[in-house]
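Worksheet for the structure shown next.
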Amino acid sequence: DAGVIQSPRHEVTEMGQEVTLRCKPISGHDYLFWYRQTMMRGLELLIYFNNNVPIDDSGMPEDRFSAKMPNASFSTLKIQPSEPRDSAVYFCASSYGTGIYGYTFGSGTRLTVV
Amino acid sequence: AQSVTQLDSHVSVSEGTPVLLRCNYSSSYSPSLFWYVQHPNKGLQLLLKYTSAATLVKGINGFEAEFKKSETSFHLTKPSAHMSDAAEYFCVVSDGRGNEKLTFGTGTRLTIIP
């Protein structure tokens, strides 16, 4: 298996622009998680899905952030409009079943908003 | 609710000497515990996991951790540090109720001195 695949690896955008981050989970995994990592706040869980259905989005910072999972093999995290404080590394992770098995993380997308 | 505390934000050891990264957890149930490693500009990789089997868990790259219920600890050790071990290490807990959400520690940065 190729693991969790995220694209793009790096994204530089201007403030106010729309940004879309993409994730392909491991085939057969039924949970998908979006995390954000910054020096100041560490790892933050933004939202997670079970069988393509959003379960908990309490970590989404504000209405500018939205996430979708149209099918079992694809998810997006969109920021519209983007702001400099959104600059961070965004990770996608997937897992099979409950947390007992741990997560498999993607390589992340480094977002810079200028 | 579960929580995890990494007692050291930064640990420095000389190459060839033992490594000890400390982690204490809190959980109302029988938890699952994990250590993840993150090398610079990389994603998080599962190092090892404890899921109520043997209390001494062996992971990749010579690392191991011991689950001590009486001390609520899950410290990570390695007998001899290698330069390639320099990375950020995260202790992670699942509350053991089958909850899919994991709780991450704040991380310990390991520096290896040549």
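Bear in mind these aren't lab numbers, they're just calculated from the coordinates by the rules spelled out. Values in this document were obtained by computation on a predicted structure and should not be read as measured data. All Cβ positions, glycine included, derive from the backbone under ideal geometry; neighbour counts span all protein chains shown.
Miscellaneous remarks
- q = 0.14 Å⁻¹, the stretch A:44-114: log10 I(q)/I(0) [Debye, one scatterer per Cα]: -0.47
- Choice from B:79, B:31, B:40 with maximal GNM fluctuation in chain B (Cα, 10 Å cutoff): B:40
- Couplings 3J(HN,Hα) for the stretch B:59-66, derived from phi with the Karplus relation 6.51 cos²θ - 1.76 cosθ + 1.60 (θ = phi - 60°), are x, 7, 6, x, 7, 8, 9, 10 Hz, where x marks Gly and Pro.
- Scalar couplings 3J(HN,Hα) for the stretch B:12-19, obtained by applying the Karplus form with A = 6.51, B = -1.76, C = 1.60 to θ = phi - 60°, are 10, 9, 7, 4, x, 9, x, 10 Hz; x denotes Gly and Pro.
- When the C-alpha to C-alpha distance is required to be over 27 Å, the pairs from B:42/B:101; B:42/B:68; A:24/B:78; A:68/B:49 that qualify are B:42/B:68; A:24/B:78; A:68/B:49.
- At 0.890 mPa s and 25 °C, Stokes D of the stretch A:1-101 from Kirkwood alpha-carbon radius, µm² per second: 176
- Scanning residues 5 or more positions from residue B:8 or on other chains, those with amide H under 5 Å from its amide H are B:22, with H placed 1.01 Å from N in the peptide plane.
- Other residues within the sphere of radius under 10 Å centred on the Cβ of residue A:36, judged by their own Cβ, net out at -1 (K and R +1, D and E -1).
- When every Cα-Cα distance of chain B is counted in 10 angstrom steps from zero, the calculated P(r) takes the values 15, 50, 29, 6, 0 percent.
- Cut-off under 5 Å, modelled amide H: who pairs with residue B:48 long-range: B:35
- Mean Cα-pair separation over length for chain A, i.e. relative contact order, pairs under 8 Å, 6 or more apart, %: 37
- For chain B, averaging the sequence separation of C-alpha pairs within contact (under 8 Å, six or more residues apart) and dividing by the residue count gives a relative contact order of 38 percent.
- Between residue A:114 and residue A:63, the contour length at 0.36 nm per residue exceeds the Cα-Cα span by 16.3 nm.
- Structure remark: mean-square fluctuation, Gaussian network model of chain A, C-alpha springs under 10 Å; the largest value among A:22, A:41, A:85 belongs to A:41.
- Counting Cα-Cα pairs of the protein assembly as shown in 10 Å increments starting at 0 gives whole-percent bin shares of 8, 32, 34, 20, 5, 0.
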